[in-house]
Every structure is written in C-alpha cells, then in structure tokens.
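> This is the structure I want to talk about, given as structure tokens.
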Amino acid sequence: MKRTRVEDYWRWWAYERDSHAKVLAAMGAVPPERRSAREYRKASTLFGHIIAVRRLWLFRVGAATECPGADDMFPADLTLQELARRLDEMHAAWADYLGGLDDHAIWQYFEYRSFERQSFRIAVADILTQLYGH
C-alpha cells in the first residue's frame, strides 16, 4: 500500500521527536556541576535554537499566533527543565498542525517575511521537507 505524502511527514516527525528525546536525555545525563561548561552551554543554545526555529515555522505557516523574535533564535543559558518545557510545547503544536494537513493542504503556498524583511512564497511541502532534512 502506497503511503501519502502527509504520512511521510508524520514518519519524519516521529523520528525527529525520538531524536529530540534522546538529545534531552543525553543532556540530562550530564552531572549538574558540569552544566556550566562551555560545551554543555553550547549544546543547550543549539537545542534551544532548533526548538525556536520550529516555533518560527509554525507561526509562518499560520499555525501559531506568537512569532519568536530574532533575539529568541539562539537562547542562552536555558535550564534543562526550560528546554523540556519548550520542547513539549513545540511538539504539541506541531502535532496539532500536522493533524490538520492532508495531501491537498501540503501543496498550498503561503507567504512570509524573513527577519531581514524579505518576502517569500513557498509551498508547505517544501518547508516540511527542508525542516526535516535540515
């Protein structure tokens, strides 16, 4: 039986969620006294960036009302609990969004502006492919 394109995105999303859980678990395995190390803080900032960018794309496709600002793209010094909270919220929002898509909706175009104020027009499928392949 042939899968639909939306089913492919759900599979990729499940893989990404699992990967995020493993990253969070690995960060949680770092002893608290070592979490102020440069390497841990860099990993925390990068993971916070991944979460923020996923939230930004939800806003751009019209699935979120709050747009993270440019200053939110590389959040520094987030606690493990704050990362987990942001991750859970982002996962729930993406699950809601993906749950409303069908194979017609993913080929719809939307417009957005970058932080540099450039306008773009792109299909939902193209953004989903970019996000999961990035």
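The values are calculated or read from the model by the stated rules, or taken from the named source; none is laboratory data. Owing to the predicted nature of the structure, the values given are computational and were not obtained by experimental measurement. With ideal geometry, Cβ positions are generated from the backbone for all residues, glycine too; neighbour counts draw on all protein chains shown. The area values use the complete protein model at the heavy-atom level, side chains included, leaving out ligands, DNA and RNA. Shrake-Rupley method; radii C 1.70, N 1.55, O 1.52, S 1.80 Å.
> Can you tell me which residue is farthest from R35 (Cα to Cα) among those in the range 109-130 that are of a type in the set (V, I, T) and open to solvent by 40 Å² or more (accessible area, probe 1.4 Å)?
Only one residue tops the list, namely I122.
> Are any of the residues in the range 69-83 touching a residue at least 24 places away in the same chain (Cβ under 8 Å), in contact with a Leu (Cβ under 6 Å, 6 or more places away or on another chain) and not hydrophobic (A, V, I, L, M, F, W, C)?
no
> Tell me the residue from I51, I106 that is free of Cβ contacts under 8 Å to residues at least 40 places away in the same chain, open to solvent by less than 70 Å² (accessible area, probe 1.4 Å) and either closer than 22 Å to R11 by Cβ or not small (G, A, S) (or both), please. Even if it seems obvious, please write down each step before you answer.
Values: I106 fails: free of Cβ contacts under 8 Å to residues at least 40 places away in the same chain.
Only one candidate qualifies: I51.
> Counting only residues that are of a type in the set (A, V, I, L, M), modelled with pLDDT of 95 or more, assigned to a helix (DSSP H, G or I) and in contact with a helix residue (DSSP H, G or I) (Cβ under 7 Å, 6 or more places away or on another chain), how many does the range 5-50 have?
Final tally of qualifying residues: 4.
> Could I ask something else about it? Here are some conditions: (1) at pLDDT 95 or above; (2) assigned to a helix (DSSP H, G or I). D71 meets all but one. Which one does it not meet?
In the conditions (1) at pLDDT 95 or above; (2) assigned to a helix (DSSP H, G or I), D71 misses (1) alone.
> While we're here: Take the residues in the range 54-103 that are among the β-branched types (V, I, T) and more than 17 Å from L24 (Cβ to Cβ), then tell me which one is surrounded by the fewest Cβ atoms within 10 Å (Cβ to Cβ). Before the answer, list the steps.
Kept after step one, since they are among the β-branched types (V, I, T), are these residues of the range 54-103: 61, 65, 79.
Now narrow it down to the ones that are more than 17 Å from L24 (Cβ to Cβ): 61, 65.
Values: V61: 17, T65: 7.
For the range 54-103, the residue satisfying everything is T65.
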